[in-house]
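Taking it in order: structure first as structure tokens, then the write-up.
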């Protein structure tokens, strides 16, 4: 039976830190808008406090999460334990996008590895923390993180990343502002 938490307990924080992958889901306000669910990996998630979390957002082909958060702030994180006990954790909340020129971005950036291609930090204040069984989730073994994104960002360099973001990250699939209007710095 599922359980709700008032905050992220030390045990839950340890469990979250062991997960190698998580999912982030957001949606625009428009009923016909596209719901987005993005897988995240690498060492990109942090618990900031009992009801606050963040992840380092790396350059990607889309900008749905950023656009939806800028519109309405709604976000849910989903963690599944693929190797241990059959457990799922959902962290619902209100998120915000911190661009590289933000003082808060600068304050939090040192908590994450120095991955090339970092374009923002997504921070969320949690309004609901819950777990449930993962009886239907397959058991899988972690092999290694992929290095494709890191290599691609290194190959593009700062100028190439800026052009890539200008070409592909200015608007969401629904036409909402993405990186447009967020100071991306160098």
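The values are calculated or read from the model by the stated rules, or taken from the named source; none is laboratory data. Small disclaimer: the values here were computed from a predicted structure and weren't measured. Here the Cβ positions follow ideal geometry from the backbone for every residue, glycine too, while neighbour counts run over all protein chains shown.
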Exercise for the section: Pairs only if they're at least six apart or on different chains, beta carbon under 7 angstrom, first in the range 71-97 and surrounded by fewer than 16 Cβ atoms within 10 Å (Cβ to Cβ), second at pLDDT below 95 and in a strand (DSSP E or B); list them, first residue then second. Expected result: 86/133
Exercise for the section: Kindly check whether there is at least one residue in the range 50-61 that is touching a strand residue (DSSP E or B) at 6+ places or on another chain (Cβ under 8 Å), under 25 Å from residue 3 (Cα atoms), modelled with pLDDT under 95 and surrounded by fewer than 18 Cβ atoms within 10 Å (Cβ to Cβ). Expected result: no
Practice task
Output the number of the condition that residue 106 fails; it satisfies all remaining conditions of (1) closer than 26 Å to residue 147 by Cα; (2) touching a residue at least 60 places away in the same chain (Cβ under 8 Å); (3) out of contact with any strand residue (DSSP E or B) (no Cβ under 7 Å at 6 or more places or on another chain).
Solution key: (2)
Exercise for the section: Would you check if residue 28 is over 12 Å from the mean Cα position of the chain (by Cα), closer than 27 Å to residue 158 by Cα and in a loop (DSSP other than H, G, I, E, B)? Expected result: no
Exercise for the section: Sort through 4, 13 and tell me the only one that's modelled with pLDDT of 95 or more, in contact with a strand residue (DSSP E or B) (Cβ under 9 Å, 6 or more places away or on another chain), part of a helix (DSSP H, G or I) and over 25 Å from residue 165 (Cα atoms). Expected result: 13
Practice task
For the range 125-148, state whether one or more residues are surrounded by 12 or more Cβ atoms within 10 Å (Cβ to Cβ), closer than 17 Å to residue 59 by Cβ and in contact with a helix residue (DSSP H, G or I) (Cβ under 9 Å, 6 or more places away or on another chain).
Solution key: no
Fill in the blank from the handout: The lone condition residue 3 fails out of (1) more than 14 Å from the chain's Cα centre (by Cα); (2) under 20 Å from residue 87 (Cβ atoms); (3) surrounded by 16 or more Cβ atoms within 10 Å (Cβ to Cβ) is (3)
Problem - Any chance residue 116 is in contact with a helix residue (DSSP H, G or I) (Cβ under 9 Å, 6 or more places away or on another chain), surrounded by 14 or more Cβ atoms within 10 Å (Cβ to Cβ) and touching a residue at least 24 places away in the same chain (Cβ under 8 Å) - result: yes
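Being touching a helix residue (DSSP H, G or I) at 6+ places or on another chain (Cβ under 7 Å), crowded, with 17+ Cβ neighbours inside 10 Å and within 20 Å of residue 112 (Cα to Cα): is that true of residue 22 here? Steps first, please.
Working: touching a helix residue (DSSP H, G or I) at 6+ places or on another chain (Cβ under 7 Å): no; crowded, with 17+ Cβ neighbours inside 10 Å: yes; within 20 Å of residue 112 (Cα to Cα): yes.
Criteria not met by residue 22.
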Practice task
Return a yes/no flag: does the range 100-111 have any residue that is under 24 Å from residue 64 (Cβ atoms), in contact with a helix residue (DSSP H, G or I) (Cβ under 7 Å, 6 or more places away or on another chain) and surrounded by 14 or more Cβ atoms within 10 Å (Cβ to Cβ).
Solution key: no
Problem - Residues of the range 10-35 that turn out to be under 26 Å from residue 141 (Cα atoms) and without any contact (Cβ under 8 Å) to a residue 40 or more places away in the chain, as a count - result: 5
